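The structure appears below as C-alpha cells.
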Amino acid sequence: MSESTSSTESRVAVVTGASSGIGAATARALAAQGYHVILGARRVGRVEALAAEIGGTGRQLDVTDDESVARFVAGLDAVHVLVNNAGGAKGLDPVADADLDDWRWMWETNVLGTLRMIKSLLPALEASGDGLIVTITSTAALEPYDNGAGYTSAKHAQAVLHRTLRFELLGKPIRLTEIAPGMVETDFSLVRFDGDQDRADAVYADLTPLTAEDVAEVIGFVASRPPHVNLDQIVLKPRDQASARRNIRTG
C-alpha cells in the first residue's frame, strides 16, 4: 500500500445517511482507518452524537434540498472519500397502484440526492489528488422484482448515473465504486413499510441477512486501496439469497 493511502490522518470522508444502518457503520469503519468523517443526515442529533463518539463532524443534511446540501458542503475544500448512502424505498405496490408521492420521494432521494452530492463535491474530490466516490445502490439496480418498480427504477437510474461518471472522470484523480448489497437488516424495511415493524421483520425471517457492518467493512476495504486500483462494482448478498426473487428460508 502506498504511503498516501496508509497515512490518512488528514484525509476527509463524507458519509450521507449516516444517522443509522450502513451509513453509521461506514462512518465508524472509516474513522477507524484514520479519516476525519463528516456525517450527514436529517436526524442531526444522531449524527452529532456519533460524530462525538468517533471524532468526526456531524451536520444536518437533506439530500433532497438544494440549500441543505449547499450548507453541508460549505468549507469542504478537499474531500478524499464521498459515500453516497442516503436513499431508501417506500411502498411495495404494483405499477397499476403506484403511489406517485412515494415514487417522487424515491427518485428525489436516491437519484437526485446522489446527483446533488456529487455535483457539489466534485471540485473538492479532485482537489484532494486522490478522490473516491462510493455509491450504495442495491441488487435492485441489477434486476427488477414484482411490486418494486418505484425502487428498482430509482436504483437503476442511480447506478447509471454513477457508471456514466466513471467514463466522464477518466483521467482525473477520482475513483468510483458501486456497492450493490442484497438483503441487509437495517431500518430499510421499516421505512419502506411506514413503520410497520411486523411487516419489516417478516422480510428477514428465517434467513441470515447481511448486517450494516458487513457492508461497511467492504467500503473500508475499497477506501484502503492504493490510488491506481479502482474496484468498479461490488455485489454482495447473504448466502441465503441468490437473487431478488430467490432465497432460502429455514422456517
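The values are calculated or read from the model by the stated rules, or taken from the named source; none is laboratory data. Note that the coordinates shown come from a computational prediction; the quantities given were computed from them, not determined experimentally. With ideal geometry, Cβ positions are generated from the backbone for all residues, glycine too; neighbour counts draw on all protein chains shown.
Have a look at Val63, Val79, Val15, Val69 and point out the one that is touching a helix residue (DSSP H, G or I) at 6+ places or on another chain (Cβ under 7 Å), in a strand (DSSP E or B) and not polar (S, T, N, Q).
Numbers: Val63 fails: in a strand (DSSP E or B); Val79 fails: in a strand (DSSP E or B); Val69 fails: in a strand (DSSP E or B).
Within the list Val63, Val79, Val15, Val69, the selection yields Val15.
How many residues, within region 66-107, are buried (at least 16 other Cβ atoms within 10 Å of the Cβ) and either within 18 Å of the chain's Cα centre (by Cα) or without any contact (Cβ under 8 Å) to a residue 12 or more places away in the chain (or both)?
Qualifying residue count for the region: 19.
Scan Gly131, Gly195, Gly171 and give me the residue that is out of contact with any helix residue (DSSP H, G or I) (no Cβ under 6 Å at 6 or more places or on another chain) and modelled with pLDDT of 95 or more.
Numbers: Gly131 fails: out of contact with any helix residue (DSSP H, G or I) (no Cβ under 6 Å at 6 or more places or on another chain); Gly195 fails: modelled with pLDDT of 95 or more.
The conditions single out Gly171.
Working only within region 129-147, note down all residues that are farther than 25 Å from Ala13 by Cα and outside any helix (DSSP H, G or I). Step through it out loud before you land on a result.
We begin by selecting, within region 129-147, every residue farther than 25 Å from Ala13 by Cα; these are 140, 142-147.
Selection gives Leu142, Glu143, Pro144, Tyr145, Asp146, Asn147.
Quick check on this structure: which one of Thr186, Thr211 is surrounded by 20 or more Cβ atoms within 10 Å (Cβ to Cβ), closer than 19 Å to Ile22 by Cβ and among the hydroxyl-bearing types (Ser, Thr, Tyr)? Before you say what the answer is, go through the steps one by one.
Values: Thr211 fails: surrounded by 20 or more Cβ atoms within 10 Å (Cβ to Cβ).
Among Thr186, Thr211, only Thr186 is surrounded by 20 or more Cβ atoms within 10 Å (Cβ to Cβ), closer than 19 Å to Ile22 by Cβ and among the hydroxyl-bearing types (Ser, Thr, Tyr).
Looking at region 23-40, can you tell me whether even one residue there is more than 18 Å from Ile174 (Cα to Cα), crowded, with 16+ Cβ neighbours inside 10 Å, within 13 Å of the chain's Cα centre (by Cα) and β-branched (Val, Ile, Thr)?
Yes, some residue in region 23-40 is more than 18 Å from Ile174 (Cα to Cα), crowded, with 16+ Cβ neighbours inside 10 Å, within 13 Å of the chain's Cα centre (by Cα) and β-branched (Val, Ile, Thr).
Given the criterion within 28 Å of Ala32 (Cβ to Cβ), among the acidic types (Asp, Glu) and at pLDDT 95 or above, identify the matching residue among Asp101, Asp97, Asp77. Spell out the reasoning first.
Numbers: Asp101 fails: within 28 Å of Ala32 (Cβ to Cβ); Asp97 fails: within 28 Å of Ala32 (Cβ to Cβ).
When all the criteria are applied, what remains is Asp77.
Could you figure out which of (1) over 22 Å from Leu231 (Cβ atoms); (2) touching a helix residue (DSSP H, G or I) at 6+ places or on another chain (Cβ under 7 Å); (3) surrounded by fewer than 21 Cβ atoms within 10 Å (Cβ to Cβ) isn't true of Leu161?
Against the list (1) over 22 Å from Leu231 (Cβ atoms); (2) touching a helix residue (DSSP H, G or I) at 6+ places or on another chain (Cβ under 7 Å); (3) surrounded by fewer than 21 Cβ atoms within 10 Å (Cβ to Cβ), Leu161 comes up short only on (1).
So for region 129-142 (the condition being surrounded by fewer than 19 Cβ atoms within 10 Å (Cβ to Cβ) and over 20 Å from the mean Cα position of the chain (by Cα)), does at least one residue qualify?
Taking every residue of region 129-142 in turn, at least one turns out to be surrounded by fewer than 19 Cβ atoms within 10 Å (Cβ to Cβ) and over 20 Å from the mean Cα position of the chain (by Cα).
With the condition kept exactly as written, say whether any residue in region 208-218 is in contact with a helix residue (DSSP H, G or I) (Cβ under 9 Å, 6 or more places away or on another chain), small (Gly, Ala, Ser) and within 16 Å of Leu82 (Cβ to Cβ).
Within region 208-218, one or more residues are in contact with a helix residue (DSSP H, G or I) (Cβ under 9 Å, 6 or more places away or on another chain), small (Gly, Ala, Ser) and within 16 Å of Leu82 (Cβ to Cβ).
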